[in-house]
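Right, one structure below, let's go through it.
The values are calculated or read from the model by the stated rules, or taken from the named source; none is laboratory data. No experiment lies behind these values; they were computed from the predicted model shown. Here the Cβ positions follow ideal geometry from the backbone for every residue, glycine too, while neighbour counts run over all protein chains shown. Ligands, DNA and RNA are stripped out before the accessible areas are found, and what is left, the full protein with its side chains, is counted by its heavy atoms. Shrake-Rupley method; radii C 1.70, N 1.55, O 1.52, S 1.80 Å.
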Amino acid sequence: MIIIKKIIVKLVRFNNWILFTSTIALIACSSLIMMYLEPETFTTPFEGVWWVMTTVTTVGYGDLYPVSTLGRIYAIFLYLVGIGLIGVIIGKIVDFFATFRKKREEGRVHYKGENHLVIIGWSRKSNFAIEEILQSESKIELVIIDTLEKSPIINDRVHYVQGYAADNETLSKANISKCKAAIIFADDSIQDVQLIDGKSLLIATAIERLVPNIHTTVEILSEEHIQNFVHVKVDEFVLTHETVSRMAVRSAFTKGISAVYTQLISRNVGDDLYQIRAKSEWKTYRDAFEQLLEAGATLIADQDKLNINRMLDKPIPKNTYLYVICDKNTYQKIS
C-alpha cells in the first residue's frame, strides 16, 4: 500500500497529456505482451485489451487470466502500476468536469455557439424576458452578461458570462460577433437616471464598435437620451417609464385594453404580433391584406407605418417587412 500510495502521488503531479498518453501506451503494450507471453490464452489483440481493461479497472470477470509464471508476474505489475494509473485518470476526468461546471456557473467559460441572444444586465425585467424567450422559442440559446458571482439561472440553454459588458474581453467571451441580437437592460441598482442611461450608452457603444451590423435593443429611462443612442446606431428603444405610464392611463379610460397589450407583447397569451417578409406576388398592400386575411392573419403595419388601411392600393416596396397579428400555427403557414 505504501508503494501504491507513492506511485499515485507521483502520477497526480504529472502533466495530463503525459498521463493519458502513458495510459493508452500501457494498455496497448500490455495487450501485446500478454499475447506474446501466453499466445494460447490471448489469441487476439482484442482479448488482450479486454483482459488488461478488466484488470486495471478491478472488474476481473475471470473469463481470461494468465496461467504461466511470467504472465502472472506481469499481472502483478499491472496490479501495482495499472490500477493506480487508471484511478488517477478517472479522478482527473471527474475533476475536469467538476472544474468546468464550476467555471461555467461562475461565468468564466467562453461561449462558442452562434445565432444566440445576448442579455446584458440581470434584473427582474431581464428574468421575465428570459422566461418569455425560453417558453416561446424552443431552440434559441441565451447568454447573460453581468457581474454576479454565479449564474442567476441554471438552464441548458442559458450561458452566463461574468464581467463588465463594456469590456472587449467580456463581449468576446459572450461571442458577441456571432450573436443574433443583443438586449441591454437598465441597471436598477443605480439611482440616478442620467448614470443609468449613461452606462447603457457606454455598453451599446462598445457593442456597436465591435459588431457594427448587430441588432441592439436598449431599455432607456429618459426620452431625452434617445438621440445619443441613435448616434451610436442602436436599432430599438424601450422607454420603460413612459410605456408603463401610458399603458396605465389607457387602461383607466379603456376597459380591457391592457389585455390587448398583453397579447401583443407576450408569445404565451392569445394571438401574437409577428414579422413576415412581403411576398413577390403581392403587388399592393390590398393583395397582401386579402391573402393574409384568408389565411387567418391580420395585416396591421409595414415597418413603423400603421396606416395600412389608408394605403391599400399603393405598391409594396421590395424586400420590406410586414407585421401581422395571428396565432403561431397561422404564422408558420404564412411565413
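The table that follows gives values for the structure above.
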{"quantity": "Label-point separation in nm, residue 154 to residue 210, each point 7 Å along Cα→Cβ", "calculated": "2.8"}
{"quantity": "Segment 152-170 versus segment 216-236: alpha-carbon centroid distance in Å", "calculated": "23"}
{"quantity": "Stretchable slack from residue 312 to residue 283, in nm (0.36 nm times residue separation minus alpha-carbon distance)", "calculated": "9.4 nm"}
{"quantity": "Net length gained if the chain between residue 319 and residue 305 were fully extended (0.36 nm per residue, minus Cα distance)", "calculated": "3.5 nm"}
{"quantity": "Protein-only accessible surface order, largest first, of 199, 333, 178 at 1.4 Å", "calculated": "333, 178, 199"}
{"quantity": "Within the chain, percent of DSSP bridges classed antiparallel, to nearest 5", "calculated": "35"}
{"quantity": "Separation in nanometres of the label points that stand 7 Å from Cα toward Cβ, at residue 222 and residue 29", "calculated": "7.3"}
{"quantity": "Theoretical gain in end-to-end length, residue 202 to residue 54 [0.36 nm per residue, Cα-Cα removed]", "calculated": "47.3 nm"}
{"quantity": "FRET efficiency for residue 237 and residue 291, using Cβ-Cβ distance with R0 set to 30 Å, rounded to 0.05", "calculated": "0.40"}
{"quantity": "Those lysines that a straight Cα-Cα span of less than 29 Å connects to residue 233, excepting residues fewer than 8 apart in one chain", "calculated": "112, 125, 139, 173, 178, 180, 199, 279, 305, 318"}
{"quantity": "Along principal axes, Cα extents of the chain, largest first, whole Å", "calculated": "98, 50, 37"}
{"quantity": "Rounded accessible area of residue 27 (nearest 10 Å², 1.4 Å probe)", "calculated": "30"}
{"quantity": "FRET efficiency, 1/(1 + (r/R0)^6) with R0 22 Å, evaluated for residue 46 and residue 96 via beta carbons", "calculated": "0.15"}
{"quantity": "Which of 125, 173 is most accessible, then next, and so on - probe 1.4 Å", "calculated": "125, 173"}
{"quantity": "Solvent accessible area, Å² - residue 304, 1.4 Å probe, full protein context", "calculated": "130"}
{"quantity": "Per residue accessible area in Å² of the chain, where ligands, DNA and RNA are left out and the probe is 1.4 Å", "calculated": "62"}
{"quantity": "Top of 104, 72, 209 by mean-square fluctuation, Gaussian network on the chain, Cα under 10 Å", "calculated": "72"}
{"quantity": "Whole-percent carbon and sulfur share, accessible surface of segment 54-208, 1.4 Å", "calculated": "56"}
